[in-house]
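Here is the structure we will look at.
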Amino acid sequence: MDETWAAAVAQDVSPSLAVPGETIEFGHRIALTFDDGPDPATTPAILDVLRDYHVKGTFFVIGARAEQHPELIDRIVSEGHTLGNHTYYHRDLTKLTPELVSRELQDTQAVIDEVLGEHSQITLFRPPCGAPYITQMEGLPVFQEAMREQRLYPVMWTIDSRDWALENQPESIVDNLAQSTPEGGGVVLLHDTQPQTVEALPKVIERYSAAGLKFTGVRDLLAEKYGVDPNGIEADPDATRPSTPLQPEVSDNNHLSDLNSLAECLS
Ligand SMILES: [Zn+2]
């Protein structure tokens, strides 16, 4: 992992995907990404749909929720999807000290190691609130330093479903994506915590397929962009993983109750 990441850094001081201002050719492909889970009320149904349609997604999980629902982390990995880090408590990293930033990132990695029973490096990161790319741009240098320190690729999105804001309106999610998706494809932001997303997902997939778009993974897009394979967690039953899990050292800068509101933003 370090070698491939270093190769990417050699080309780009902060290797990333789909950040604002970046020009990417998606080649008529779509990468589905799901944030903020795992959620026992909705994530299993999202996984059922993806399985039925033979589509692989990327799940940017919150560490505290992964700790609460380890069986869902196991299922995400065992069914061939990719895991990404979305902080431990869904924190806007630009508002934290460097020490707390490290804790948010490392604690999430540690919980996943504990769940899987072995160390398997997460390489993808989805920043809560889109910060600093959407807000807090002044925090970009510090943020990029944290990404370099943790060997993470920040992954933003190019198509926002706004599913979280469309409660009880699955058809609106489908229409919104149909209208906002470029012909060339892109990276789609969804949330596996939203019942309306469960309802919309089959039609979203069918519409994309009917439009001639193919499904791909974030890791494949990164691999093409940098000419390296961004190793990380994805299902590969034959892969041998390093055997020493990180030990969780959960920060006390927050409380689980905060997760009910995901206080700062819904991205
Ligand atoms: Zn989020």
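The values are calculated or read from the model by the stated rules, or taken from the named source; none is laboratory data. Keep in mind it's a predicted model, so treat the numbers as computed, not measured. Glycine gets a Cβ as well: all are built from the backbone with ideal geometry, and neighbour counts include every protein chain shown.
Table for the structure above
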{"quantity": "Count of residues meeting criterion [more than 20 Å from residue 128 (Cα to Cα) and away from the ligand (no atom under 16 Å from the Cβ)] in the stretch 17-58", "calculated": "22"}
{"quantity": "Count - residues of the stretch 123-160 that are touching a Pro at 6+ places or on another chain (Cβ under 6 Å) and assigned to a helix (DSSP H, G or I)", "calculated": "4"}
{"quantity": "Which numbered condition residue 24 misses (of (1) over 23 Å from residue 208 (Cα atoms); (2) at pLDDT below 95)", "calculated": "(1)"}
{"quantity": "Residue 7 being in a helix (DSSP H, G or I), in contact (Cβ under 8 Å) with a residue 40 or more places away in the chain and under 18 Å from residue 126 (Cα atoms)", "calculated": "no"}
{"quantity": "Within the stretch 169-203, tally of residues that are of a type in the set (A, V, I, L, M), in contact with a strand residue (DSSP E or B) (Cβ under 9 Å, 6 or more places away or on another chain) and touching a residue at least 60 places away in the same chain (Cβ under 8 Å)", "calculated": "5"}
{"quantity": "Answer residue from the stretch 161-173, given it is part of a helix (DSSP H, G or I) and touching a helix residue (DSSP H, G or I) at 6+ places or on another chain (Cβ under 7 Å) and is surrounded by the most Cβ atoms within 10 Å (Cβ to Cβ) among those", "calculated": "163"}
{"quantity": "Residue count for the stretch 82-135, restricted to those that are more than 12 Å from the ligand (Cβ to nearest atom), under 18 Å from residue 67 (Cα atoms) and basic (Lys, Arg)", "calculated": "1"}
{"quantity": "Failed item in (1) modelled with pLDDT under 95; (2) within 16 Å of the ligand (Cβ to nearest atom), with residue 138 passing the rest", "calculated": "(2)"}
{"quantity": "Hits in the stretch 69-96 - residues which are in a helix (DSSP H, G or I) and touching a residue at least 40 places away in the same chain (Cβ under 8 Å)", "calculated": "70, 73, 74, 77, 78, 93, 94, 95"}
{"quantity": "Total residues in the stretch 157-204, condition more than 14 Å from the ligand (Cβ to nearest atom) and more than 19 Å from residue 25 (Cβ to Cβ)", "calculated": "23"}
{"quantity": "The stretch 175-195, residues that are of a type in the set (A, V, I, L, M) and touching a Ser or Thr at 6+ places or on another chain (Cβ under 9 Å)", "calculated": "177, 187, 188, 189, 190"}
{"quantity": "Qualifying residue in the stretch 70-91 (condition: β-branched (Val, Ile, Thr), over 26 Å from residue 205 (Cα atoms) and buried (at least 21 other Cβ atoms within 10 Å of the Cβ))", "calculated": "yes"}
{"quantity": "Those residues of the stretch 181-208 which are assigned to a helix (DSSP H, G or I) and not basic (Lys, Arg), in sequence order", "calculated": "195, 196, 197, 198, 199, 200, 201, 202, 204, 205, 206, 208"}
{"quantity": "Residue match in the stretch 210-221 (condition: modelled with pLDDT of 95 or more, aromatic (Phe, Trp, Tyr) and not in a loop (DSSP other than H, G, I, E, B))", "calculated": "yes"}
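For (1) farther than 16 Å from residue 87 by Cα; (2) surrounded by fewer than 23 Cβ atoms within 10 Å (Cβ to Cβ); (3) in contact with a Lys or Arg (Cβ under 8 Å, 6 or more places away or on another chain), each residue gets a yes or a no:
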{"site": "108", "(1), (2), (3)": "no, no, no"}
{"site": "119", "(1), (2), (3)": "yes, yes, yes"}
{"site": "124", "(1), (2), (3)": "no, no, yes"}
{"site": "129", "(1), (2), (3)": "no, yes, no"}
{"site": "136", "(1), (2), (3)": "yes, yes, yes"}
{"site": "141", "(1), (2), (3)": "yes, yes, no"}
